[in-house]
Amino acid sequence: MVALDFSVLNVALPVLGKDLGLGHSQLQWAVTAFALPSGGFLLLFGRIADLYGRKKLFLTGLVLFGLASLLATLAWDPASFLAGRALQGLGAALIVPTGMSLLTTTFPEGPLRAKALGISGTLLSLGFTVGMVLGGVMTDALGWRSTMGLLAATALIVLALAPRLLPESRTPERPRLDVPGAVTVTGGLLALIYSLSTAAQEGFGGVDVWGTLVAGVALLTAFVVVETRSPAPLVSLPMLRRRTVAWGNIGGLVTFSMMSTVVFVLTLYLQETLGLSSFRTGLVFGVQGVMSAVAGTYASRVIGRIGARRTLALSLLGQGVFTAALLAVGAGAGALLATVAVSLASMCHLGAIISYGVTVTSGVPDEEQGLATGLVTTTQQVGLTIGIPLLGVLATTGGSLFDGVRTVLALDAAILLVVGALIALGLRDGAKSRA
């Protein structure tokens with residue numbers, strides 16, 4: 001459902017922007033308004049779920065997500081729409097870590113968990129695929145509001161089934177919630193994400209940008225200090241010192257931020273430069289999603305054969321290579337090349353998603369799975385948030401849109417290749433002693 005949320009809206013962005021009066025440089029707020037609370041509150045909600053019940057928090061998130069989707073459907077101006085998106089993000093911050101924790105605590109570490117995460121990744125791709133295709137069809141036939149209405153209906157269906165299908169799950173002990181840690185990390189993430197998102201529109205010269213950036217860094221620094229002294233820390237610093245956790249999350253951050261940026265700029269390229277309709281654009285990304293789903297069925301087997309760490313490094317390198325191939329698209333044609341290259345890049349992206357989740361959660365006891373999966377999902381949402389403001393904005397500010405898209409793709413590919421190589425070195429066999 002969360003993947004559906006990202007993709008079904010992405011295809012509708014150009015139409016939505018014209019209807020609500022959002023310019024190209026402001027469209028990224030439709031994504032950022034969702035990712036800001038979902039990234040900022042993930043760690044806190046993941047820990048609360050560990051202590052008080054993952055199923056309860058999951059169901060609460062579903063209710064909030066559904067109501068927020070209804071608000072976005074009925075939005076009458078940019079403010080009401082972005083408010084709905086923000087509340088959707090808050091609901092996702094409840095749904096994602098609790099759902100992931102329910103999965104990792106149900107399936108023991110090893111082949112079963114790898115298989116379960118592979119199925120989860122495949123469903124993620126299917127949600128993305130369905131969203132892209134339906135987003136194009138529904139936007140052309142019924143308007144962009146129908147895409148938000150679809151999310152409300154999906155939340156209602158899941159809410160009807162989940163109480164009977166999900167077991168309750170929590171840690172056997174109830175340590176006190178680390179309130180100072182929760183306040184500093186949540187405030188720090190919110191400030192940091194806001195500063196980067198605002199910089200996408202205003203540049204880095206604004207006082208509010210630097211003010212929130214400094215505040216974010218200061219709060220995250222204070223969070224580290226608080227966690228060293230807390231008897232029940234929100235994040236176990238020894239966990240962060242594990243090489244697999246550190247490098248795994250770096251890989252997850254990069255794969256999500258770079259792929260979300262590619263999808264954003266390609267949507268603009270296909271519709272604004274090549275003149276494709278929302279429906280045809282949806283078909284391009286629909287092929288991408290199908291190929292990702294195919295990759296998801298094999299990812300767990302690859303991980304079982306060569307290991308999660310090698311799979312992560314190779315997936316990032318492959319994503320970088322196929323992103324670089326997108327530089328061959330032209331201003332007058334290139335839909336076929338874009339379809340093939342982004343599909344192959346997305347297959348590698350899915351391999352990175354599954355392998356980084358396995359890498360980070362391996363060796364973590366059940367009572368800390370909420371913390372580990374909170375890190376995994378926080379990395380995911382922060383990655384989805386920072387990629388578009390930092391790189392995607394280059395496609396919509398200054399010069400032609402086509403030249404901007406090419407600049408973004410070149411930087412995107414370079415980052416993936418560099419980080420993939422660094423992770424290959426950082427997660428060599430010597431890391432086994434830290435695993």
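The values are calculated or read from the model by the stated rules, or taken from the named source; none is laboratory data. Remember, predicted model here, so these are calculated numbers, not experimental data. Here Cβ is always computed from backbone atoms with ideal geometry, including for glycine, and neighbour counts include all displayed protein chains. To get the accessible areas, we keep the full protein, side chains included, count just its heavy atoms, and leave off ligands, DNA and RNA. Shrake-Rupley method; radii C 1.70, N 1.55, O 1.52, S 1.80 Å.
Do we find a residue being farther than 25 Å from residue 185 by Cα, surrounded by fewer than 24 Cβ atoms within 10 Å (Cβ to Cβ) and of a type in the set (Val, Ile, Thr) anywhere in the range 134-144? Yes, the range 134-144 contains at least one residue that is farther than 25 Å from residue 185 by Cα, surrounded by fewer than 24 Cβ atoms within 10 Å (Cβ to Cβ) and of a type in the set (Val, Ile, Thr). Condition test on residue 105, is it buried (at least 19 other Cβ atoms within 10 Å of the Cβ), in contact with a Gly (Cβ under 9 Å, 6 or more places away or on another chain), of a type in the set (S, T, N, Q) and under 26 Å from residue 194 (Cα atoms)? No. Within the range 280-312, the set of residues being of a type in the set (A, V, I, L, M) and within 17 Å of residue 114 (Cα to Cα) comprises 293, 294, 295, 299, 302, 303, 306, 308, 312. Considering only the range 216-264, state which residues are charged (D, E, K, R) and not in a helix (DSSP H, G or I). Result: 242, single match. Here the range 385-404 is the region considered, the condition is being among the aliphatic types (A, V, I, L, M) and either open to solvent by 50 Å² or more (accessible area, probe 1.4 Å) or touching a Leu at 6+ places or on another chain (Cβ under 7 Å) (or both), and the residue that is modelled with the lowest pLDDT is 395. Residue 163 fulfils the conditions (1) more than 23 Å from the chain's Cα centre (by Cα); (2) modelled with pLDDT under 80; (3) part of a helix (DSSP H, G or I) except for a single criterion, (2).
Matching residues to (1) over 24 Å from the mean Cα position of the chain (by Cα); (2) modelled with pLDDT of 80 or more; (3) open to solvent by 50 Å² or more (accessible area, probe 1.4 Å):
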{"residue": "199", "(1), (2), (3)": "no, no, no"}
{"residue": "206", "(1), (2), (3)": "yes, no, no"}
{"residue": "210", "(1), (2), (3)": "yes, yes, yes"}
{"residue": "222", "(1), (2), (3)": "yes, yes, no"}
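Any residue that is in contact (Cβ under 8 Å) with a residue 60 or more places away in the chain, under 30 Å from residue 284 (Cα atoms), touching a helix residue (DSSP H, G or I) at 6+ places or on another chain (Cβ under 8 Å) and open to solvent by 40 Å² or more (accessible area, probe 1.4 Å) - is there at least one of those in the range 32-49? There is no residue in the range 32-49 that is in contact (Cβ under 8 Å) with a residue 60 or more places away in the chain, under 30 Å from residue 284 (Cα atoms), touching a helix residue (DSSP H, G or I) at 6+ places or on another chain (Cβ under 8 Å) and open to solvent by 40 Å² or more (accessible area, probe 1.4 Å).
Considering the range 108-133, the residues that are at pLDDT 75 or above and over 22 Å from residue 256 (Cα atoms) include one that is least open to solvent (accessible area, probe 1.4 Å), namely 112. Filtered by the rule that a residue be under 26 Å from the mean Cα position of the chain (by Cα) and either of a type in the set (Gly, Ala, Ser) or crowded, with 17+ Cβ neighbours inside 10 Å (or both), the range 330-339 gives 335, 338, 339.
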